[in-house]
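Asker: Mind having a look at this structure? Questions to follow.
The values are calculated or read from the model by the stated rules, or taken from the named source; none is laboratory data. Being a predicted model, the structure only gives us computed values, none of them experimental. A quick note on method: Cβ atoms are made from the backbone with ideal geometry, for glycine too, and the neighbour counts reach across all protein chains shown. Just so you know, the surface numbers come from the protein's heavy atoms only, side chains and all, with ligands and any DNA or RNA stripped out. Shrake-Rupley method; radii C 1.70, N 1.55, O 1.52, S 1.80 Å.
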Amino acid sequence: MGALAALAPVPVALVGRNAPCPCGSGKKAKRCCQGRPVPATQVGLDAPPLLHSRALAACQAGDFDMALGLLIPVAERPDCHAELLFLLGRAFAETAQWAESLACFERVLAQRPHDARAHTNRGLALVELERAGEAIAAH
């Protein structure tokens, strides 16, 4: 998935008011750089729960480009969490990037072979890729 990183913008996050400012000043963000967008790498967005909640919120708001921007860099790691891969697969599906979506769902199934959601979405991606025979055989 290395080439996929070029598909999305550099992820940006907003720092919480009471969080330490990512500029390194030691002050709270509300007293320093509050509201200024900062690169996600400065605020530790690679932590699965925080990343998942931000990417899920982006998807729910219909901002799939933001979700892709958050998830693609993390998904390139071989130890990427299955829930993050699933959400990335859904974001790819919502933007009709079926081959990438299929790859994500297959990685989820490698970690969680009995994940019904991943099997269903894998089948949908196969159908969209005109590989319905494979989808039927897997069912």
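Asker: Being at pLDDT 95 or above, surrounded by fewer than 18 Cβ atoms within 10 Å (Cβ to Cβ) and out of contact with any Asp or Glu (no Cβ under 6 Å at 6 or more places or on another chain): is that true of A57 here?
Answerer: On the way: at pLDDT 95 or above: no; surrounded by fewer than 18 Cβ atoms within 10 Å (Cβ to Cβ): yes; out of contact with any Asp or Glu (no Cβ under 6 Å at 6 or more places or on another chain): yes.
Judged against the criteria, A57 is not a match.
Asker: Here's another thing I want to ask about it. Taking the range 121-137 on its own, how many of its residues are surrounded by fewer than 13 Cβ atoms within 10 Å (Cβ to Cβ) and of a type in the set (S, T, N, Q)?
Answerer: Our first condition is that a residue be surrounded by fewer than 13 Cβ atoms within 10 Å (Cβ to Cβ); within the range 121-137, this holds for 130, 132-133, 136-137.
Subsequent filtering for residues that are of a type in the set (S, T, N, Q) retains none.
Residues in the range 121-137 being surrounded by fewer than 13 Cβ atoms within 10 Å (Cβ to Cβ) and of a type in the set (S, T, N, Q): 0 in total.
Asker: Report the residue count in the range 118-139 for those that are among the aliphatic types (A, V, I, L, M), assigned to a helix (DSSP H, G or I) and in contact with a Phe, Trp or Tyr (Cβ under 6 Å, 6 or more places away or on another chain). Outline the logic, then answer.
Answerer: Kept after step one, since they are among the aliphatic types (A, V, I, L, M), are these residues of the range 118-139: 118, 124-127, 129, 132, 135-138.
The next check asks that each one be assigned to a helix (DSSP H, G or I); those that pass are 118, 124-127, 132, 135-138.
Still in the running and in contact with a Phe, Trp or Tyr (Cβ under 6 Å, 6 or more places away or on another chain): 118, 125.
Total meeting the criteria: 2.
Asker: When you scan the range 70-92, how many residues do you find that are closer than 21 Å to A116 by Cβ and open to solvent by 10 Å² or more (accessible area, probe 1.4 Å)?
Answerer: 5
Asker: Do we find a residue being part of a helix (DSSP H, G or I), open to solvent by less than 30 Å² (accessible area, probe 1.4 Å), in contact with a helix residue (DSSP H, G or I) (Cβ under 8 Å, 6 or more places away or on another chain) and at pLDDT below 95 anywhere in the range 95-105? Explain how you work it out, then say what you get.
Answerer: Restricting attention to the range 95-105, the residues satisfying the condition of being part of a helix (DSSP H, G or I) are 98-105.
Next, from what is left, pick out any that are open to solvent by less than 30 Å² (accessible area, probe 1.4 Å): 101-102, 104-105.
Next, only the ones that are in contact with a helix residue (DSSP H, G or I) (Cβ under 8 Å, 6 or more places away or on another chain) stay: 101-102, 104-105.
Imposing the further condition that a residue be at pLDDT below 95 reduces the set to none.
Within the range 95-105, not a single residue is part of a helix (DSSP H, G or I), open to solvent by less than 30 Å² (accessible area, probe 1.4 Å), in contact with a helix residue (DSSP H, G or I) (Cβ under 8 Å, 6 or more places away or on another chain) and at pLDDT below 95.
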